[in-house]
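Here the structure comes first, spelled out in structure tokens, and everything after it is commentary.
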Number of protein chains: 2
Amino acid sequence: MTSPEEKRRTIRDVAKAAGVSISTASNALNGIGRTNAETREKVKRVADELGFRPNALARGLLTKRSHAIGMLTNDTYGRLTLPMAAGVSEILVDHGVSLFLCATNNDPRLAKLHLDALLDRQVDGIIFTATRIDLGPPPELLKLGIPVIYAFAQGPADSVSFHPDDAQGARIAVQHLRALGRSRILHITGEQDYLAARIRADAYRELAGPSGQVMFGDWSEEWGHSAIDAVYSQSGPKPDAIFCGSDEIARGVIDALRDRGVSIPDDVAVLGFDNWEVISKQTRPPLTTIDMELKELGHRAGLAILGLSRREKLEPGIVRLPCSLVARGSA
Amino acid sequence: MTSPEEKRRTIRDVAKAAGVSISTASNALNGIGRTNAETREKVKRVADELGFRPNALARGLLTKRSHAIGMLTNDTYGRLTLPMAAGVSEILVDHGVSLFLCATNNDPRLAKLHLDALLDRQVDGIIFTATRIDLGPPPELLKLGIPVIYAFAQGPADSVSFHPDDAQGARIAVQHLRALGRSRILHITGEQDYLAARIRADAYRELAGPSGQVMFGDWSEEWGHSAIDAVYSQSGPKPDAIFCGSDEIARGVIDALRDRGVSIPDDVAVLGFDNWEVISKQTRPPLTTIDMELKELGHRAGLAILGLSRREKLEPGIVRLPCSLVARGSA
DNA sequence: TCTTTTTGATAAAACCTTTTATCTCCTATA
DNA sequence: TATAGGAGATAAAAGGTTTTATCAAAAAGA
């Protein structure tokens with residue numbers, strides 16, 4: 001059904017059809033310069049009839065703005081990346097800017113390859129995202145001379161980064177549990193090596209006081225299980241609420257508690273982190289959890305790179321965007 | 001640390017520095033035309049020293065090939081899309097082709113917007129992907145006059161599509177269970193409305209014979225649960241193996257069986273579909289499941305669109321790529 | 001009526017490559 | 001020696017747009 005290679009219309013065709021010069025056509029279509037309202041309308045109408053669409057390559061070549069930006073990400077199966085990419089794309093498309101997706105798969109060779117390609121394509125800016133906020137970009141990215149925004153990743157000192165507000169997220173989690181009347185709150189989280197884990201743990205400790213206990217492990221469901229086993233195999237008072245560092249951990253915790261006949265949330269309230277729906281909606285009871293608002297983070301990163309590409313100045317530093325609490329049945 | 005707006009080197013700079021004409025420089029760098037080996041080397045060396053990188057916009061404008069392709073997808077949180085996109089990107093980057101990611105979020109307005117942008121950018125082709133194989137593209141895509149490949153989506157009759165081989169996937173699943181000595185195999189799957197579900201169910205029935213029973217429901221963990229409840233609440237012989245239509249369903253099935261004290265895989269073997277690791281690795285026991293090889297599917301789609309963009313002819317029709325069985329503990 | 005502004009339109013340059021058609025040497029052949 | 005052919009290099013055109021400088025005509029001012 002595809003039409004057989006019909007030549008694309010150029011502005012030259014429009015000009016001829018409208019009986020004006022190329023420059024008049026250009027001026028009319030872009031609404032700049034001095035043009036008679038009547039001719040302007042006519043040119044626009046003709047362009048519409050012909051189905052004229054300006055060649056972005058030619059335009060970019062001249063204006064030195066490609067209206068494209070690149071997104072460099074180190075992960076592939078991106079439960080973190082994709083929501084952000086969607087947010088970025090949503091903002092950009094409304095500004096006529098397109099998004100190059102570059103998955104480096106943590107391979108420096110691939111990163112270099114993609115970076116070179118982006119430069120060749122004269123992208124107006126690059127968004128670097130990672131799977132953890134303390135992961136930096138490939139070193140080549142730093143000396144590029146084009147704008148870079150860091151989203152869910154670590155940028156150099158003079159750069160602009162967007163992170164979820166992990167501390168605030170932890171605080172609303174603990175406050176929620178407090179409001180439910182819980183006082184013996186335990187924090188089971190992932191690897192201490194992760195900055196996000198440490199930030200959340202610190203915020204938790206500040207609210208929970210000296211009785212606050214943090215168990216670092218890894219980010220797996222398995223760890224949630226064994227952490228509960230450990231807690232219940234030793235004597236002493238048991239927690240009446242557990243704040244988990246991820247939904248996966250929370251799922252392990254819930255399963256282990258159920259195995260022991262502990263009622264959720266009556267005996268122990270359980271709270272997750274991530275709002276990864278495939279997990280949080282499927283636990284029994286469904287998981288109350290913290291949402292990092294990754295799409296909104298993408299929106300902000302998109303707006304920021306648009307600003308930078310227009311040579312606007314942005315305050316350097318880390319912008320921390322608030323997390324929200326999604327109440328389901330577990331707390 | 002970003003260097004202050006140093007002008008980009010053009011081929012003109014290279015030519016001047018090497019003491020040759022622009023056309024000689026171009027010929028030398030691209031290794032075409034008649035050029036003395038000596039000058040060729042010199043030009044290349046100089047270009048390297050200057051850090052010259054050809055402007056893809058100018059090149060594309062002239063050659064009418066942008067070396068960019070667009071990927072249009074209807075989903076955002078893409079557990080299906082991202083692996084495919086990664087596969088596509090992996091192939092393309094090695095051919096110097098970049099990938100525009102366009103998430104339409106099932107919104108026709110957005111689809112149109114993205115499509116227009118892709119056309120403006122003179123992409124060499126488009127890959128359309130969806131979340132189910134029986135979902136078609138936005139109608140505008142059909143009358144575009146540029147190459148289109150359909151991956152995990154439904155294309156028109158004269159198009160080239162890549163699908164997982166659902167029938168073969170179902171067959172190796174049943175064969176695996178058979179090889180374990182199981183004879184009373186039950187199939188619990190998702191919505192009958194999905195073509196993939198029907199294809200798998202048909203293939204299953206063919207192998208399982210008249211005793212083969214299919215339970216359609218939805219794709220949720222919850223459904224796995226209630227399906228098991230239904231099976232065990234009625235009298236009669238119980239299955240000794242269950243082939244599930246998704247890992248999520250399988251997880252529900254496994255949990256429900258465990259609740260009833262049924263041993264897996266000794267009493268009942270359970271087999272999933274998707275190999276979505278966040279689920280399949282975390283069930284107890286870990287889930288034996290069918291992998292649709294989405295990355296490979298992306299590879300093939302990438303190669304195909306590269307071929308089409310070079311005006312090679314491709315046999316129209318649906319190419320079904322084999323699934324593989326990933327053995328873990330549950331079957 | 002003559003000069004100055006303003007309005008509207010245009011030709012041409014520019015962006016950076018690739019490619020075609022020429023041009024100049026040089027070597028080999030008659 | 002004269003000529004044909006080939007190697008190596010180049011000037012110039014082309015691609016589609018934006019933008020600057022220029023120009024003509026109409027309107028305003030003196």
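Need pairs with beta-carbon distance below 7 Å; first residue on the phi > 0 side of the Ramachandran plot and within the range B:14-39, second within 7 Å of DNA strand D (Cβ to nearest atom) and modelled with pLDDT of 90 or more; sequence gap 6+ or separate chains.
B:Gly33/B:Asn27
Looking only at the range A:140-158, which residues are surrounded by 19 or more Cβ atoms within 10 Å (Cβ to Cβ) and more than 9 Å from chain B (Cβ to nearest Cβ)?
A:Leu141, A:Ile149, A:Tyr150, A:Ala151, A:Phe152, A:Ala153, A:Gly155
For the range B:284-310, which residues satisfy the criterion of being in contact with a strand residue (DSSP E or B) (Cβ under 8 Å, 6 or more places away or on another chain) and without any contact (Cβ under 8 Å) to a residue 60 or more places away in the chain?
If the condition is that a residue be in contact with a strand residue (DSSP E or B) (Cβ under 8 Å, 6 or more places away or on another chain) and without any contact (Cβ under 8 Å) to a residue 60 or more places away in the chain, then B:Leu287, B:Thr289, B:Asp291 are the ones that fit.
Test A:Val88 against the criterion of being within 16 Å of DNA strand C (Cβ to nearest atom), buried (at least 21 other Cβ atoms within 10 Å of the Cβ) and over 30 Å from A:Ser21 (Cα atoms), and give yes or no.
On the way: within 16 Å of DNA strand C (Cβ to nearest atom): no; buried (at least 21 other Cβ atoms within 10 Å of the Cβ): yes; over 30 Å from A:Ser21 (Cα atoms): yes.
It is false that A:Val88 is within 16 Å of DNA strand C (Cβ to nearest atom), buried (at least 21 other Cβ atoms within 10 Å of the Cβ) and over 30 Å from A:Ser21 (Cα atoms).
Can you tell which of A:Val123, A:Val93 is touching a helix residue (DSSP H, G or I) at 6+ places or on another chain (Cβ under 6 Å) and within 30 Å of B:Gln122 (Cβ to Cβ)? Show your work before the answer.
Working: A:Val123 fails: touching a helix residue (DSSP H, G or I) at 6+ places or on another chain (Cβ under 6 Å).
Answer to the selection: A:Val93.
Could you tell me whether the range B:204-214 includes any residue that is assigned to a helix (DSSP H, G or I), surrounded by fewer than 23 Cβ atoms within 10 Å (Cβ to Cβ) and at positive phi?
yes
Could you identify the single residue in B:Lys44, B:Lys7 that is away from chain A (no Cβ under 14 Å), surrounded by fewer than 20 Cβ atoms within 10 Å (Cβ to Cβ) and within 16 Å of DNA strand C (Cβ to nearest atom)? Quick ask: steps written out before the conclusion?
Numbers: B:Lys7 fails: away from chain A (no Cβ under 14 Å).
Testing whether each residue is away from chain A (no Cβ under 14 Å), surrounded by fewer than 20 Cβ atoms within 10 Å (Cβ to Cβ) and within 16 Å of DNA strand C (Cβ to nearest atom) leaves just B:Lys44.
Filter the range A:1-26 for residues that are modelled with pLDDT of 90 or more and out of contact with any helix residue (DSSP H, G or I) (no Cβ under 8 Å at 6 or more places or on another chain); which is farthest from DNA strand D (Cβ to nearest atom)?
As a first pass, look at the range A:1-26 and keep what is modelled with pLDDT of 90 or more: A:9-26.
Keeping just the survivors that are out of contact with any helix residue (DSSP H, G or I) (no Cβ under 8 Å at 6 or more places or on another chain) gives A:10, A:16, A:19, A:23.
Working: A:Thr10: 3, A:Lys16: 11, A:Gly19: 16, A:Ser23: 3 Å.
Filtering first and then ranking leaves A:Gly19.
Filter the range A:27-41 down to the residues that are surrounded by 16 or more Cβ atoms within 10 Å (Cβ to Cβ) and within 11 Å of DNA strand D (Cβ to nearest atom), then identify the one that is farthest from B:Leu57 (Cα to Cα).
Result: A:Thr35.
Please tell me if A:His163 is assigned to a strand (DSSP E or B) and touching a Lys or Arg at 6+ places or on another chain (Cβ under 7 Å). Break it down into steps so the answer makes sense when it comes.
Values: assigned to a strand (DSSP E or B): yes; touching a Lys or Arg at 6+ places or on another chain (Cβ under 7 Å): yes.
It is true that A:His163 is assigned to a strand (DSSP E or B) and touching a Lys or Arg at 6+ places or on another chain (Cβ under 7 Å).
Before we move on, is A:Arg79 assigned to a loop (DSSP other than H, G, I, E, B), more than 25 Å from B:Leu57 (Cβ to Cβ), within 9 Å of chain B (Cβ to nearest Cβ) and not aliphatic (A, V, I, L, M)?
Numbers: assigned to a loop (DSSP other than H, G, I, E, B): yes; more than 25 Å from B:Leu57 (Cβ to Cβ): yes; within 9 Å of chain B (Cβ to nearest Cβ): yes; not aliphatic (A, V, I, L, M): yes.
Yes.
For a quick check of your reading of the model, give me the residue pairs whose first member lies in the range A:81-94 and is at pLDDT below 90, whose second is surrounded by 20 or more Cβ atoms within 10 Å (Cβ to Cβ) and among the β-branched types (Val, Ile, Thr), with beta-carbon atoms closer than 7 Å and at least 6 apart or on different chains.
Once the first residue is at pLDDT below 90 and sits in the range A:81-94, its partners that are surrounded by 20 or more Cβ atoms within 10 Å (Cβ to Cβ) and among the β-branched types (Val, Ile, Thr) give A:Thr81/A:Thr73; A:Thr81/A:Thr129.
What's the number of the only condition in (1) under 28 Å from B:Arg300 (Cα atoms); (2) under 25 Å from the mean Cα position of the chain (by Cα) that B:Gln175 fails to meet?
Evaluating B:Gln175 over (1) under 28 Å from B:Arg300 (Cα atoms); (2) under 25 Å from the mean Cα position of the chain (by Cα) leaves (2) as the failure.
Among the residues in the range B:220-237, are any surrounded by 24 or more Cβ atoms within 10 Å (Cβ to Cβ), at pLDDT 95 or above, more than 14 Å from chain A (Cβ to nearest Cβ) and touching a strand residue (DSSP E or B) at 6+ places or on another chain (Cβ under 7 Å)?
Checked the range B:220-237: no residue is surrounded by 24 or more Cβ atoms within 10 Å (Cβ to Cβ), at pLDDT 95 or above, more than 14 Å from chain A (Cβ to nearest Cβ) and touching a strand residue (DSSP E or B) at 6+ places or on another chain (Cβ under 7 Å).
Going through the range B:119-135 one residue at a time, which ones are closer than 30 Å to A:Arg9 by Cα and not in a strand (DSSP E or B)?
Restricting attention to the range B:119-135, the residues satisfying the condition of being closer than 30 Å to A:Arg9 by Cα are B:119-129.
Those that are closer than 30 Å to A:Arg9 by Cα and not in a strand (DSSP E or B): B:Leu119, B:Asp120, B:Arg121, B:Gln122, B:Val123, B:Asp124.
Is it the case that some residue within the range B:311-320 is under 18 Å from the mean Cα position of the chain (by Cα), touching a residue at least 12 places away in the same chain (Cβ under 8 Å) and crowded, with 16+ Cβ neighbours inside 10 Å? Break it down into steps so the answer makes sense when it comes.
First, pick out the residues of the range B:311-320 that are under 18 Å from the mean Cα position of the chain (by Cα): B:317-320.
Imposing the further condition that a residue be touching a residue at least 12 places away in the same chain (Cβ under 8 Å) reduces the set to B:317-320.
Those left that are additionally crowded, with 16+ Cβ neighbours inside 10 Å: B:319-320.
Yes, the range B:311-320 contains a residue that is under 18 Å from the mean Cα position of the chain (by Cα), touching a residue at least 12 places away in the same chain (Cβ under 8 Å) and crowded, with 16+ Cβ neighbours inside 10 Å.
Quick test for you: out of A:Ile254, A:Ile305, A:Ile290, A:Ile264, pick the one residue that is under 22 Å from A:Arg178 (Cα atoms), in a helix (DSSP H, G or I) and modelled with pLDDT of 95 or more.
Working: A:Ile305 fails: under 22 Å from A:Arg178 (Cα atoms); A:Ile290 fails: in a helix (DSSP H, G or I); A:Ile264 fails: in a helix (DSSP H, G or I).
Of A:Ile254, A:Ile305, A:Ile290, A:Ile264, the one residue that is under 22 Å from A:Arg178 (Cα atoms), in a helix (DSSP H, G or I) and modelled with pLDDT of 95 or more is A:Ile254.
Within the range B:56-67, identify whether any single residue is away from DNA strand D (no atom under 12 Å from the Cβ) and more than 14 Å from chain A (Cβ to nearest Cβ), and answer yes or no.
No - not one qualifying residue is present in the range B:56-67.
Give A:Leu308, A:Leu271, A:Leu314 a once-over and let me know the one that is touching a helix residue (DSSP H, G or I) at 6+ places or on another chain (Cβ under 8 Å) and in the same structural domain as A:Ala157 (by TED's automatic domain parsing).
On the way: A:Leu308 fails: touching a helix residue (DSSP H, G or I) at 6+ places or on another chain (Cβ under 8 Å); A:Leu271 fails: in the same structural domain as A:Ala157 (by TED's automatic domain parsing).
Just a single option satisfies the conditions, and that option is A:Leu314.
Out of (1) within 14 Å of chain A (Cβ to nearest Cβ); (2) touching an Asp or Glu at 6+ places or on another chain (Cβ under 9 Å), the odd one out for B:Asp267 is which?
(1)
Of (1) modelled with pLDDT under 95; (2) closer than 20 Å to B:Gly60 by Cβ, A:Ala58 satisfies all except one. Which?
It fails just one condition, (1).
When the range B:103-114 is examined, which residues are found to be more than 7 Å from chain A (Cβ to nearest Cβ) and buried (at least 21 other Cβ atoms within 10 Å of the Cβ)?
B:Thr104, B:Ala111
The values are calculated or read from the model by the stated rules, or taken from the named source; none is laboratory data. Just so you know, these numbers come straight off a predicted model, no measurement behind them. Positions of Cβ are backbone-derived with ideal geometry, glycine not excepted, and every protein chain shown enters the neighbour counts.
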